[in-house]
Amino acid sequence: MDVAIVGGGIGGLTLALCLHEAGIACRVYEAVPELKALGVGINIRPHAMQVLGRFGIPQEMLKVGNEPHESVFYSSSGQLIYKHPLSRTAGYDVPHISIHRGDLHAILVAKVRERLGPQALCLGHRLTGFTQDDTGVDLHFADSASGAVLPPVHASVLVGSDGINSAVRKQLYPEEGLPRFGGINMWRGVTRRAPFLDGKSICRVGALQTGKIVIYPIRNFSDGTQLINWVVEIVMDVNTQNDWATPGHLADFIERFAHWHFDWLDIPQMFEQAEMILEYPMVDRDPLPRWSFGRVTLLGDAAHPMYPRGGNGAAQSILDANVLPGFLREHADPVAALQAYDAARVPFTTRVVNAARNEPPDTIINRVEEITGGKPFARIEDVIDPQELAAIAQRYAKLTGYDIETVNRIQAEQVRGASRPA
Ligand SMILES: Cc1cc2nc3c(=O)[nH]c(=O)nc-3n(C[C@H](O)[C@H](O)[C@H](O)COP(=O)(O)OP(=O)(O)OC[C@H]3O[C@@H](n4cnc5c(N)ncnc54)[C@H](O)[C@@H]3O)c2cc1C
């Protein structure tokens, strides 16, 4: 049995580590010819961190990233609405880490090369198509730089972890078309500056109705400054194809936040001091009824791209990677293994995609904005019962699998060796 993994992003690289751990041969085929630190900030919550923990990755991430200790929600006038503890401060046995996607990617690449050997990651291989029969799958590649056709690769199983614009998914679902636009445009940026609040907070401010900003530190520097990641969301129509590298422009969004000078953070100033700004539409895809066709399946964003507003995109790709090797070991027939993988993951991730659309943690700020009409309040208790706000956060955590009881139970089993692939 050998597995060809198409796409060396967060999910594909984690799958390589999990397959290797389970004693299954694999190789990762990645389109980009050269690895660069792409993207901006990403959050890995404890349910995914405990998978990475088996490979010593949290220790590496903590050297460069930031472990937040609270999630804080502010109104568009900068008033505190609600906060709750995060990570080990909340009692989790494993940390939540906010990190630059490029830093996490580099750690995963190094770990794959260290454990599987340098030949395990083949760069410059852009998948152009595949064929399969009862004996395996033939993968066809083009050289990303020259476009030249590369020799085909034969494998027992193909896993498409090639992201939201997946070529594998396109071949399985040729009529599907482009990702679905959610009516919100985003600008993502990073600013190096002094810490805000106490340097360990993930902060949501504003609301869907006013424009929303998510702000959190992703790198700590020895001079005491931090790299602060921020994401602006504004309801508007855009007609751009989603591309993680599209540059963004301050002038397109700063006006909306021109008066957001709060005593805990001067938001326009943070925008003006940005080192880099990217623009990206909020897109996802409708959940699929199945990912697996014979010996071919999907994983991560290729399978279940979701709105990036609940810290679950990368996490769910890591959780897919965690379970797939167990099914491949359990079933001698790869087709049966992939069907079992579908049964385990398709219904669960469908709920996560729908939760990101309809009831993400942002519901807390949106609900308060709806009630107050954006007017300042004297006491939040006069606006809404804080228990109602806590219930929104807890429901989302439970639904997507990072509630403390679930994570700590799995962690205890993992420590005992019970949840490792057989
Ligand atoms: C360049 C980039 C920047 C990103 N920046 C952010 C960010 O700042 N914040 C955030 O929250 N999320 C970001 N994401 C998305 C985030 O990584 C994913 O939502 C999540 O981690 C799930 O990971 P994944 O492995 O399923 O997909 P991805 O991490 O998107 O990885 C998919 C991989 O497949 C490769 N690929 C695509 N097509 C082919 C093909 N035909 N043949 C071979 N390989 C192919 C891509 O080059 C990529 O390496 C970014 C993704 C990319 C690709």
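Worth pointing out:
- Neighbourhood net charge (13 Å Cβ-Cβ; Lys/Arg +1, Asp/Glu -1) for P386: -1
- Among S87, V137, I107 the positive-end extreme of the charge dipole of region 81-143 (Cβ point charges): S87
- Take the convex hull of the alpha carbons in region 239-396; its mean projected area over all directions comes to 13.0 nm².
- Simple point charges give the picture: +1 on the Cβ of Lys and Arg, -1 on the Cβ of Asp and Glu, and for the chain a dipole about the Cα centre of about 640 debye.
- Per the Debye calculation on the chain with a single equal scatterer at every Cα and no solvent contribution, log₁₀ I(q)/I(0) for q = 0.10 Å⁻¹ amounts to -0.68.
- Candidates S292, P308, A336 compared by Cα position along the dipole of region 274-422: farthest toward the positive end lies A336, with charges placed on Cβ.
- By accessible area, using a 1.4 Å probe on protein heavy atoms only, region 17-63 has 52% of its surface on carbon and sulfur.
- Positive end of the dipole of the chain (Cβ unit charges, origin at the Cα centre): among P247, V283, L197, the Cα lying farthest that way belongs to L197.
- Accessible carbon and sulfur surface of region 82-167 relative to its total accessible area, %, 1.4 Å: 53 percent
- Candidate lysines for bridging to K63, where Cα separation is under 23 Å - those fewer than 8 sequence places away on the same chain excluded: K36, K111, K200
- Per residue solvent-accessible surface (Å²) - region 61-115, probe of 1.4 Å: 36 Å²
- Note on region 316-383: with charges restricted to the Cβ of Lys and Arg (+1) and Asp and Glu (-1), its dipole about the Cα centre is near 40 debye.
- Placing unit charges on the Cβ atoms only, positive for Lys and Arg and negative for Asp and Glu, gives region 1-54 a dipole magnitude near 180 debye about its Cα centre.
- Spread over its residues, the convex hull of the C-alpha atoms of region 310-386 is 104 Å³ per residue.
- For region 19-156, the alpha-carbon radius of gyration amounts to 1.39 times the rule-of-thumb value 2.2 N^0.38 Å expected for a compact globular protein.
- Per residue solvent-accessible surface (Å²) - region 248-405, probe of 1.4 Å: 42 Å²
- Evaluated on region 82-217, the Kirkwood hydrodynamic radius is 19.8 Å, with distances taken between all distinct Cα atoms.
- Mean Kyte hydropathy of -0.5 or more with a Cα span along the axis of at least 20 Å, helices from DSSP in the chain: 101-116, 313-330, 334-358, 386-400
- Debye intensity ratio in log₁₀ form over the Cα atoms of region 133-199, taken at each q of 0.23 Å⁻¹: -1.17
- Region 241-377 - percent of accessible surface contributed by carbon and sulfur, probe 1.4 Å: 51 percent
- For the options S166, S71, S146, a Gaussian network treatment of the chain with springs between C-alpha atoms closer than 10 Å singles out S146 as fluctuating the most.
- Note on the chain: antiparallel DSSP beta bridges, both residues inside, total approximately 75 percent of the bridges counted.
The values are calculated or read from the model by the stated rules, or taken from the named source; none is laboratory data. Keep in mind that this is a model prediction, so the values were computed, not measured. Using ideal geometry, Cβ is built from the backbone for each residue, glycine included, and neighbour counts are taken over all protein chains shown. Side chains are part of the model used for accessible areas, which takes the heavy atoms of the whole protein and leaves out ligands, DNA and RNA. Shrake-Rupley method; radii C 1.70, N 1.55, O 1.52, S 1.80 Å.
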